[in-house]
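The values are calculated or read from the model by the stated rules, or taken from the named source; none is laboratory data. Owing to the predicted nature of the structure, the values given are computational and were not obtained by experimental measurement. So basically every Cβ, Gly included, is an ideal-geometry build from the backbone, and we count neighbours across all protein chains shown.
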Amino acid sequence: MPRVRGWLESLVSSPSVSLPGHPTGPVHATADLVSAQFREAGADLVEIIDIPGGHPLVRARLHGPPDAPTVVLYAHYDVQPATERQSWATDPWTLREGDDGRWYGRGVADDKSGVAMHLAAVALLRDAPPVSLEIIIEGEEETCSHLGSVIDRTRAAEADAIVVADLGPPRVGIPALTTSLRGVAACTVEVRTLEHDVHSGQLGGVAPDALQALIMTLSSLYGPDGAVDIPGLTTDITTTPDRGTDLGGGAAWARRAAAVLPGAGLLAEADFLDRLSSGPAITVIGLDVPRPAEASNVVLARAGAKLSLRTAPRADAGAELAVLAEFLRSRCPSWATVTVDAVRAAPGWTARRGGRLRDLARVALEETYGSSVLELGSGVSIPAVRLLERTAPRAELILWGPQDTERANIHGADESLNPDELARMITAQVAFLASITRHEAGIRATRKEA
């Protein structure tokens, strides 16, 4: 694994935060780095596709035998911010090995581990590739993606299989395939009451307080148990997790994964797996109000928030966002004005039943891990999945990766990766790609029939 660690050390050191308001230079530098790594790994073709108004896409190609099946390998190199408020134990932009053997750093799991998986596939198969690999490494998965505007500049439409390495098992050592993803949407909420802030002693209790109105509006989103309580939002149990699989003590696993404090509790216990995969969930991910250190004795004229909505896999994310927006408008107190603006909406995904290549992926996992494979829905959202499915409608999608939910803490402080899990997933992915050639005749026959 020294070579893989070297790739990840370089990738983690490049702060490729793609969200608006962050410098774009590091994102472009990371695209250059990823393209250089794929050249070094042995790709036949590597190019950077610039996206007007967005961040670059890295495309690579490893040519297999004539008429060999084509497999798209997808991952992303952009990451979430690592803020001071998160209180990282060490520098988030330096890969560090902890006393527990895990590798720490922003993006080491999400999703530079996926980039490393695909780099390893190229390096290990370069001398005799069993299939043709079309590699797509996106730089905008964490923000508003423009992948659809340039997907036709790749050969994704030729794919027989699409492998998305941006997920992982519930905990280390459990081989897993993802069968569904929630959709994602976001909006901003702004409440206004006054032309300007006024003295809270002179007019407090009479002047309408924008922050009070915002708090009242946001609190109406949830029932007494903390669950979303909005009529019209969809709940869709598309995947029933394997109840016989040990996640480490049932709800106790969820408590560990979420790092729940003593004295605090989960919002769901017996049905937590269904709640995670079926949606909906609403999280207040930002507040536009004074920080305590900046606070003064005034009634606020305006206050704002940004909300993230996770939707059921089969729900229309745009329609769900419209339901949320109308609910917010209806629950804002009559003595305040509210504006709700949509930011983004991306659909979820549900795997098609059956599939020859999915069976091969399952066998590759079973042989690598020596245990049965868990298939379950994931609460995360990957907008590129539906786009890739539409681009190559005959292709089978394989969603996996080394990001163990219990410990990886992606998007949070001290994000980490178990290197043994990464090694197992590299082995499984290469075994899966090699096994496809044994079924090439069946794949081609299926295409002719179609």
Next item on the list: Looking at (1) in the same structural domain as ILE215 (by TED's automatic domain parsing); (2) touching a strand residue (DSSP E or B) at 6+ places or on another chain (Cβ under 6 Å); (3) surrounded by fewer than 19 Cβ atoms within 10 Å (Cβ to Cβ), find the lone condition where LEU328 falls short.
Entry: (3)
Next item on the list: Scan the stretch 52-81 for residues that are touching a strand residue (DSSP E or B) at 6+ places or on another chain (Cβ under 6 Å) and at pLDDT below 95 and jot them down.
Entry: ALA68
Next item on the list: For residues that are within 30 Å of the chain's Cα centre (by Cα) and among the basic types (Lys, Arg), scanning just the stretch 163-219, find the one that is farthest from PRO393 (Cα to Cα).
Entry: ARG171
Note to self: Condition first: of a type outside the set (A, V, I, L, M) and crowded, with 20+ Cβ neighbours inside 10 Å. Can you find one or more residues in the stretch 92-101 that meet it?
What the structure shows: yes
Check: Which of (1) closer than 22 Å to VAL79 by Cβ; (2) modelled with pLDDT of 95 or more does SER145 not meet, given it meets every other one?
Finding: (2)
Checklist line | Pair list, Cβ under 8 Å, 6 or more apart: the stretch 120-149 residue more than 30 Å from CYS187 (Cβ to Cβ) and in the same structural domain as LEU19 (by TED's automatic domain parsing), other residue crowded, with 20+ Cβ neighbours inside 10 Å and among the basic types (Lys, Arg) | finding: GLU134/ARG59; ILE135/ARG59
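For every residue, the table says whether it meets (1) in contact with a helix residue (DSSP H, G or I) (Cβ under 8 Å, 6 or more places away or on another chain); (2) surrounded by fewer than 17 Cβ atoms within 10 Å (Cβ to Cβ); (3) of a type in the set (D, E, K, R).
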position	(1), (2), (3)
ALA185	yes, no, no
THR188	no, yes, no
ARG192	yes, no, yes
GLU195	no, yes, yes
GLN202	no, yes, no
VAL206	no, yes, no
GLN212	no, no, no
SER220	yes, yes, no
Item checked: Selection count, the stretch 84-130, where residues are within 27 Å of ASP160 (Cα to Cα), out of contact with any Asp or Glu (no Cβ under 8 Å at 6 or more places or on another chain) and part of a loop (DSSP other than H, G, I, E, B) -> 5
Next item on the list: Look through LEU19, LEU73, LEU33 and report the one residue that is in the same structural domain as LEU433 (by TED's automatic domain parsing) and touching a Gly at 6+ places or on another chain (Cβ under 9 Å).
Entry: LEU73
Check: If you check every pair at least six apart or on different chains, which have Cβ atoms under 8 Å apart with a residue in the stretch 254-283 that is farther than 13 Å from THR235 by Cα first and a residue that is of a type in the set (S, T, N, Q) and in a loop (DSSP other than H, G, I, E, B) second?
Finding: ALA259/ASN409
Check: In the stretch 357-394, what residues are under 22 Å from THR427 (Cβ atoms) and part of a loop (DSSP other than H, G, I, E, B)?
Finding: GLY370, SER371, SER372, VAL373
